[in-house]
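Below is one structure, written out as structure tokens, with a few remarks after it.
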Amino acid sequence: MRIFLTGATGFIGTAIVPELIQAGHQVLGLTRSEEGAKTLLAAGAEVHRGDLSDLESLRRGAEMTDGVIHTAFTHDFSNFLAVCEQDRKAIEAMGSVLAGSNRPLVITSGTGLGNTVPGQPATEEDFDPNNPHPRAVSEFAGAALVERGVNVSVVRLPQVHDPVKQGLITYAVAVAREKGLSAYVGDGANRWPAAHVLDVARLYRLALEKREAGSRYHAVAEEGVPLREIAEVVGRGLKVPVVSLSPEEAQSHFGWLAMFAGWDLPASSTQTRKKLNWHPTGPKLIADLEQMRF
């Protein structure tokens, strides 16, 4: 298939490009920059100019291809409501040209949207329609498109990592470097799920090829890594103290990251592994953090 890939020059997108090409697909990658275009061409992909704010460019990309993988997201967490709304509009724009065609649209969300029971791992079936999380609008948009005959599935992401980047942990490292200490909230027993970026790229391809409308997949290799363990590795890497903070202290220490730092977000991928025969093999989160150049 010829696949339109948004976020094609991003952290996950750059892993998806070779995953798709090696499986025999062609890739049309979205980029707004000349540097991004060169990166895509060097990787063997075609270039489609545009960005998330240019809805017409998204429609054209979807129209020109046999399927879409949407990974692009504006990572401005200080303006989270607005960027989630931007994502909703992007999903609706691409879906509008796919109705009735059975061409797959794979969108992106977060495993946290499945955490409906405190302390219990989120499953692929879990979704609270009253969830106040701003990213829920992406899944609402996908569900509405399914009702209109669009073949939409959702990949929910954990903390996606390699030795260079680790999702929200990358921001926690920056805070620890700036503040001179690595922190966790309370006893640090709250957990974040994780998966290596190459395993995640493979899951996107499998979800695309499955073409199962309405499905949710969890790109989870590790169900939950305690935040205290993460903070301890970061502290060793930066050679700074590791401390526990109260929820009130966390607000001033972490800034916008405080809203995530205390959450317990374990997630299961049992159904995903069975349905897609997906078996993650990449390094674990702590192992990648230990390889990081602090």
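A few remarks follow.
- Förster radius 22 Å - calculated FRET efficiency between Q271 and R2 (Cβ-Cβ, nearest 0.05): 0.15
- Peptides 254-263, 200-209, 56-65 ranked from most to least packed by the mean count of surrounding Cβ atoms within 10 Å: 200-209, 56-65, 254-263.
- Point-charge dipole on Cβ atoms (K/R +1, D/E -1) for segment 108-149, about Cα centre, debye to 20: 180 debye
- Charged-residue dipole, Cβ positions (Lys, Arg, Asp, Glu), segment 20-91 about Cα centre, Debye nearest 20: 60 debye
- Rounded if a/c under 1.5, otherwise prolate or oblate - segment 36-193, Cα gyration tensor axes: oblate
- Fraction of antiparallel bridges per DSSP, the chain only, in percent to nearest 5: 10 percent
- Of the residues P226, G282, A250, the one whose Cα sits farthest towards the positive end of the charge dipole of segment 225-294 is G282 (charges of +1 on Lys and Arg Cβ, -1 on Asp and Glu Cβ, taken about the Cα centre).
- With a Cα cut-off of under 18 Å and a minimum spacing of 8 residues unless on different chains, the lysine pairs in the chain number 4.
- Paramagnetic label zone (point 7 Å from Cα along Cα-to-C-beta, R211; backbone N under 12 Å) in segment 1-24: 1-2
- Dipole of segment 15-146 [Lys/Arg +1, Asp/Glu -1 at C-beta], most positive-end residue of G119, L52, N131: L52
- Classified by the C-alpha gyration tensor, segment 121-254 has a prolate form. Its axis ratio a/c, with a ≥ b ≥ c, is 1.5 or above, and a/b is larger than b/c.
- Shape of the chain, Cα gyration tensor, a/c cut at 1.5: prolate
- Test item: Cα-centred dipole of the chain, Lys/Arg +1 and Asp/Glu -1 on Cβ, debye: 560 debye
- Positive-pole candidate from F294, V175, A195, dipole of segment 154-294, charges at beta carbon: A195
Taken together, the values in this text are just the output of simple stated rules run on the coordinates, not laboratory data. Treat the numbers as computed from the prediction; the structure is a model and nothing was measured. Note that each Cβ is placed from the backbone with ideal geometry, even for glycine, and that neighbours are counted across all protein chains shown.
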